[in-house]
Amino acid sequence: MNTSLVPDTETVTLLIDADWWRQATVYQVYPRSFADANGDGIGDLRGIISRVPYLRRLGVDAVWLSPFYPSALADGGYDVDDYRDVDPKIGTLAEFDEMVTALHGAGIRIIVDIVPNHSSDRHAWFQEALAAPAGSAARDRYIFRDGTGENGELPPADWQSIFGGPAWTRVPDGQWYLHLFTKEQPDFNWDNEEVREDFRTTLRFWSDRGVDGFRVDVAHGLAKDLTEPLPSMSTLMDLTGPGENPLFDRDEVHDIYADWRRIFDEYTPPRIAVAEAWTRTADRRMRYASPEGLGQAFNFDLLQADFAAAPFRTIITENLALAEASGSSTTWVLSNHDVQRHPTRYGLTDADGSADSGIMQVASKAWLLAGAPEDELDRARGLRRARAATLLELALPGSAYLYQGEELGLHEVTEIPDEDRQDPAFFRNKGVEIGRDGCRVPLPWTHAGPSFGFGDGGAHLPQPAWFADFSVEAEDADPTSTLNLYREALRLRHELQTDESLEWIETGRDDVLHLRRPNGWESVTNFGTDPVALPPGRIVLASGPVAGDLPGETTIWIAPGGDEGGAA
Ligand code: NOJ
Ligand code: CA
């Protein structure tokens, strides 16, 4: 008997639980910056395979892999040349299969990023479109239009791309194509049946290879109303105003996802999907999370909130209610590959010298643009608050999406010289956007050695000296490290996540949030700086030192079945 055909117990468990995603901890791997097995400076699939034991020990339920497809990296891989292959710079399809087997063998599921709004300009279809005449079937897969002005020398509309610069680029025969992001990312025409069919093929291609689900990039952008005359820029980007937007969050987009749902449900367990959807209101976001659609949607509300009790409580209460009404579970995100890492956001002082003001995001952007002066960042405080926020996040019903390196408490890397930067947002929008490279610097695995153990060679973005103290090796040995806090939290979270609700316990302090899950687990966060008396109960985890009372900017977890107060 060929024993390799007999699935191990971990893989069998993965096959039978269709609801696994509802309260999962999902760990985002940005593959080119995770681990580099062949020492060429770029993270690769073999590197991920080598770190499966690390992910298992960390205790995550699933990995979400950012794009790993062939790409010229005009936008970090979100410019895809071929949706059904692996970038030869980072691996092969055979290695992909090996990675899926290794993850599944460790009881970890895998979600891949799918980028349906646009391909790259190197995609075979776009190359075909360039070679084909105006009005051809090849051009109809993208969004080509004639220009305006006397000789068509002006773009079809005055639209700006999301990374800055015009959203239309002219091709040699005089037509223009639409790209909401960089000019290397032409937008697909989702009214074209060939485009729809090709994505069905892609979804089946990866599902057949054992992928458990998909993270859907720019999910709100696929359906567009391009009826002439095209509207002006001033009405275009307004996602918050009343009325329909021609480019984003149109009702028709849900027909596409209803179609995808039929494909997901062909599999056992059904494949899952999570939408990156920016919408006018939170309830419109939940339409993407409908069980008849993608099933789940990112909730970025905490990521955009100040570290303060009132906004956290409102956001948590609202999103749990929305999730219940939609039939989905909610999601939580504090960091990802598009934003400044949360210890840095929480450690910044704003122009008034207070870190509690409502302009944290703005302060953080301005601070980076000003060259990130160190005296405006309190690193220790930022990390203290980040650990407290994370522990609260992990006590909430729903799934938590973690970003690689947050388990090490990494700060944003600010010391990247202009000439080393890679993010198109930096180049296309100079002086306005610093870009996202600072959260994409290759991870430190060891406290010394080439690229801090990322690989045997260098790292494709420069790593700062302070990475040594935040390396996996350094933190592994320190029981109070952020890494060991995450490990313990993720272990306990499996006991804590038995239902999808919570009740608030009033504390009499407007800077303290105390929640209880129906199974008796409690989480208490002191957002303020004044200590508060410890509630009764058995403290099993704390985001920082606790003795006698609950210090400021600290979260504790209380397990059911014990009433002694005291330190963990
Ligand atoms: C959202 C992704 O998260 C981001 O990294 C990317 O640049 C844009 N979509 C465009 O694909
Ligand atoms: Ca490599």
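The values are calculated or read from the model by the stated rules, or taken from the named source; none is laboratory data. These numbers were taken from a predicted model, which means no experiment stands behind them. All Cβ positions, glycine included, derive from the backbone under ideal geometry; neighbour counts span all protein chains shown.
Structure notes:
- Restricting region 460-513 to residues that are basic (Lys, Arg) and touching a helix residue (DSSP H, G or I) at 6+ places or on another chain (Cβ under 9 Å), the residue that is farthest from Ser33 (Cα to Cα): Arg509
- Matching entry among Gly371, Gly453, Gly457, Gly431 (being closer than 23 Å to Asn38 by Cβ, modelled with pLDDT under 95 and over 22 Å from the mean Cα position of the chain (by Cα)): Gly457
- Scanning region 29-81 for residues that are part of a strand (DSSP E or B) and of a type in the set (A, V, I, L, M) returns Val29, Ala62, Val63, Leu65.
- When region 90-106 is limited to residues that are surrounded by 16 or more Cβ atoms within 10 Å (Cβ to Cβ) and in a loop (DSSP other than H, G, I, E, B), the one that is farthest from ligand 2 (Cβ to nearest atom) turns out to be Ala106.
- Hits in region 267-281 (condition: assigned to a loop (DSSP other than H, G, I, E, B) and closer than 15 Å to Val253 by Cβ): Glu276, Ala277, Trp278, Thr279, Arg280
- Of the criteria (1) buried (at least 16 other Cβ atoms within 10 Å of the Cβ); (2) not in a helix (DSSP H, G or I), which one Arg261 fails: (2)
- Taken as a whole, the condition of being modelled with pLDDT of 95 or more and at positive phi applies to Gly107.
- Residue list for region 303-315, restricted to those being at pLDDT 95 or above, crowded, with 18+ Cβ neighbours inside 10 Å and either closer than 18 Å to Thr279 by Cα or among the polar types (S, T, N, Q) (or both): Ile315
- Of all the residues in region 403-423, those that are in a helix (DSSP H, G or I) and crowded, with 24+ Cβ neighbours inside 10 Å number 1.
- Each residue in region 79-133 was checked for being within 16 Å of ligand 1 (Cβ to nearest atom) and closer than 18 Å to Val63 by Cβ, and 6 of them qualify.
- Taking region 463-555 and the strands (runs of 3 or more DSSP E) fully enclosed by it, no element has 3 or more residues that are surrounded by 19 or more Cβ atoms within 10 Å (Cβ to Cβ), in contact with a Gly (Cβ under 9 Å, 6 or more places away or on another chain) and modelled with pLDDT under 95.
- If the condition is being closer than 20 Å to Ile108 by Cβ and aromatic (Phe, Trp, Tyr), then region 460-497 contributes only Tyr486.
- The residues listed here are Val86, Val115; of these, the one that is aliphatic (A, V, I, L, M), buried (at least 22 other Cβ atoms within 10 Å of the Cβ), at negative phi and modelled with pLDDT of 95 or more is Val115.
- Residue in region 145-155 that is touching a helix residue (DSSP H, G or I) at 6+ places or on another chain (Cβ under 6 Å) and either in a loop (DSSP other than H, G, I, E, B) or in contact (Cβ under 8 Å) with a residue 24 or more places away in the chain (or both) present: no
- Qualifying residue in region 465-488 (condition: within 26 Å of Ser399 (Cβ to Cβ), touching a strand residue (DSSP E or B) at 6+ places or on another chain (Cβ under 6 Å) and touching a residue at least 24 places away in the same chain (Cβ under 8 Å)): yes
- When region 282-327 is limited to residues that are assigned to a loop (DSSP other than H, G, I, E, B) and of a type in the set (D, E, K, R), the one that is farthest from the chain's Cα centre (by Cα) turns out to be Glu292.
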